[in-house]
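The values are calculated or read from the model by the stated rules, or taken from the named source; none is laboratory data. This is a predicted model, so every value here is computed, not measured. Here Cβ is always computed from backbone atoms with ideal geometry, including for glycine, and neighbour counts include all displayed protein chains.
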Amino acid sequence: MAIQGVWPMPEGVKSVEVNDYPIAYEERGSGTPLILVHGAMNDYRCWNFQVPVLAVHYRVIAVSLRHYFPEPWDGQSDDFSVFQHADDVAEFTRVLDLGPVHLLGHSRGGAVVLNVAARHPDVIKTLILADASGLEALLPETPESRAMAVEGQKLHEHLAADLAKGDQETALRAYVDALSWPGRWDELTPERKSSFFDNVATAIRPEVRPSLSGEAIGKFQFPILMLTGETSPGRYGQMLRAMRDCLPGSVGEPTIIPNAAHGMNRDNPKAFNAAVLGFLSGR
C-alpha cells in the first residue's frame, strides 16, 4: 500500500512502506522491472537521463534509499547501512510483487545491490554494476592494490572531516572533483548541486562498507554486466576485473563508457544507456 511519509513527497513520486520506512520511488514504463539504485549523496533524481530512455523497454523504478531525499534527514538514527539498504531493496521487490528484477547499482549503490545478490538472490534476474564499491577485499595483496583498496574509505573520511568544518560547498567540491576531474563541481548544474546538498547528511558519519568475499561472489547464478567510466578512478575497474575472476562461467571484461568518469550515467548517458539496453535485450 502506498503511504505518505512524515515529509512531503515531490509531485509524481510514489512511496511504499518497506521495513517500517516509506521508500520513495519514481516509476515509468511497463514490462520486466528494472530497479535503479543510486550512490552516495544521490537519490532517484540522479537517473533522469536513464528513466525516459530505459522505460521505452522496461518498467523502470528509480528508488531513493532510506534517509536520502526526499527525507530531510539529520544523520542521527542508527539504521543507515549498506546491509539495511540491501534488505530494503529486496523487500521493496516483494512488497510490490515485482518478481525477479533487473537490478542496477552505481558506486555505493553497487555495494547495496551486491549485498542484495548475496543475501536475497531470489529477487534478482540480472545484475548491473556501475563502478561498484564493496569489492575491495578482492584486490590482490600488493602494496599498490591495498592502497587502492582504501582509497574510497579515505575519500569519505576526508569528506566527513571537511563537512565538520562547516563549509559544505568546499567539501563537496573536493569530493566530486576527486571522483571525476578538477573543476567538475563547478560544471554541475544548480539542480545537480542541489541533490548533493539535499543528501549531505548521509555523509556526516563515514561508514565502513562491507566487502564481499570471492566465495560469496562465486555463488552468483545470474547474468552480470560490469560498467566503468573511461576516466573513473582506477580502483573500480580493478575491482570489477577481480570480481570477474571469482564468477562461475564466462563473464566479459568490464564495459568502458567512453568520455566519462565516475558519474558515467550523466557524463555520457547515450553510451551508458546503450550498454545497459544491449545487455538486457532478450533477457
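Can we say residue 206 is at pLDDT below 95, over 30 Å from residue 7 (Cα atoms) and within 19 Å of the chain's Cα centre (by Cα)? Judged against the criteria, residue 206 is not a match.
Working carefully through the options 280, 247, find the one that is at pLDDT 95 or above and in contact with a strand residue (DSSP E or B) (Cβ under 8 Å, 6 or more places away or on another chain).
Details: 247 fails: at pLDDT 95 or above.
Going through 280, 247 in turn, just one is at pLDDT 95 or above and in contact with a strand residue (DSSP E or B) (Cβ under 8 Å, 6 or more places away or on another chain): 280.
When 227, 212 are checked against the criterion of being surrounded by 14 or more Cβ atoms within 10 Å (Cβ to Cβ) and assigned to a strand (DSSP E or B), 227 stands alone in meeting it.
Test of understanding: among 91, 26, 71, which residue is modelled with pLDDT of 95 or more, acidic (Asp, Glu) and in contact with a helix residue (DSSP H, G or I) (Cβ under 7 Å, 6 or more places away or on another chain)?
Numbers: 91 fails: in contact with a helix residue (DSSP H, G or I) (Cβ under 7 Å, 6 or more places away or on another chain); 71 fails: in contact with a helix residue (DSSP H, G or I) (Cβ under 7 Å, 6 or more places away or on another chain).
The unique qualifying residue is 26.
For region 49-58, does any single residue satisfy the condition of being free of Cβ contacts under 8 Å to residues at least 40 places away in the same chain, under 17 Å from the mean Cα position of the chain (by Cα) and surrounded by fewer than 23 Cβ atoms within 10 Å (Cβ to Cβ)? Checking region 49-58: at least one residue is free of Cβ contacts under 8 Å to residues at least 40 places away in the same chain, under 17 Å from the mean Cα position of the chain (by Cα) and surrounded by fewer than 23 Cβ atoms within 10 Å (Cβ to Cβ).
What's the total number of residues in region 129-151 that are touching a residue at least 40 places away in the same chain (Cβ under 8 Å) and either in contact with a Pro (Cβ under 8 Å, 6 or more places away or on another chain) or over 17 Å from residue 202 (Cα atoms) (or both)?
Filtering region 129-151 for residues touching a residue at least 40 places away in the same chain (Cβ under 8 Å) gives 129-140, 145, 148-149, 151.
Filter once more, so that each one left must be either in contact with a Pro (Cβ under 8 Å, 6 or more places away or on another chain) or over 17 Å from residue 202 (Cα atoms) (or both): 129-132, 134-140, 145, 148-149, 151.
Summing the residues that are touching a residue at least 40 places away in the same chain (Cβ under 8 Å) and either in contact with a Pro (Cβ under 8 Å, 6 or more places away or on another chain) or over 17 Å from residue 202 (Cα atoms) (or both) in region 129-151 gives 15.
Residue 180 passes every criterion in (1) polar (S, T, N, Q); (2) crowded, with 20+ Cβ neighbours inside 10 Å; (3) at pLDDT 95 or above apart from (3).
Could you list, in sequence order, the residues of region 87-117 that are of a type in the set (A, V, I, L, M) and more than 19 Å from residue 30 (Cα to Cα)? Reasoning before the result, please.
Filtering region 87-117 down to residues of a type in the set (A, V, I, L, M) leaves 89-90, 95-96, 98, 101, 103-104, 111-114, 116-117.
Result: 89, 90, 111, 112, 113, 114, 116, 117.
Quick check: anything in region 255-265 assigned to a helix (DSSP H, G or I), within 17 Å of the chain's Cα centre (by Cα), modelled with pLDDT of 95 or more and not basic (Lys, Arg)?
Kept after step one, since they are assigned to a helix (DSSP H, G or I), are these residues of region 255-265: 264-265.
The next check asks that each one be within 17 Å of the chain's Cα centre (by Cα); those that pass are 264-265.
Then drop every residue that is not modelled with pLDDT of 95 or more, which leaves 264-265.
The next check asks that each one be not basic (Lys, Arg); those that pass are 264-265.
For region 255-265, residues assigned to a helix (DSSP H, G or I), within 17 Å of the chain's Cα centre (by Cα), modelled with pLDDT of 95 or more and not basic (Lys, Arg): present.
Kindly indicate the residue of region 79-96 that is of a type outside the set (Ser, Thr, Tyr) and touching a strand residue (DSSP E or B) at 6+ places or on another chain (Cβ under 6 Å) and also surrounded by the fewest Cβ atoms within 10 Å (Cβ to Cβ) among those meeting that condition. It would help to see each step written out before you state the result.
Going through region 79-96, the residues of a type outside the set (Ser, Thr, Tyr) turn out to be 79-80, 82-92, 94-96.
Still in the list and also touching a strand residue (DSSP E or B) at 6+ places or on another chain (Cβ under 6 Å): 88, 91-92, 95.
Values: 88: 20, 91: 18, 92: 23, 95: 15.
Result: 95.
If you go through region 230-267 and pick out every residue that is surrounded by 15 or more Cβ atoms within 10 Å (Cβ to Cβ) and without any contact (Cβ under 8 Å) to a residue 24 or more places away in the chain, you end up with 3. In region 132-152, the residue that is nearest to the chain's Cα centre (by Cα) out of those that are modelled with pLDDT of 75 or more, crowded, with 16+ Cβ neighbours inside 10 Å and assigned to a helix (DSSP H, G or I) is 152. In this structure, residue 204 does satisfy being of a type in the set (Val, Ile, Thr) and surrounded by fewer than 17 Cβ atoms within 10 Å (Cβ to Cβ).
Output the residue which, of all residues in region 154-176 that are of a type in the set (Asp, Glu) and in a helix (DSSP H, G or I), is surrounded by the most Cβ atoms within 10 Å (Cβ to Cβ).
Filtering region 154-176 for residues of a type in the set (Asp, Glu) gives 157, 162, 167, 169.
Among the residues that remain, those that are also in a helix (DSSP H, G or I) are: 157, 162, 169.
Values: 157: 13, 162: 18, 169: 12.
For region 154-176, the residue satisfying everything is 162.
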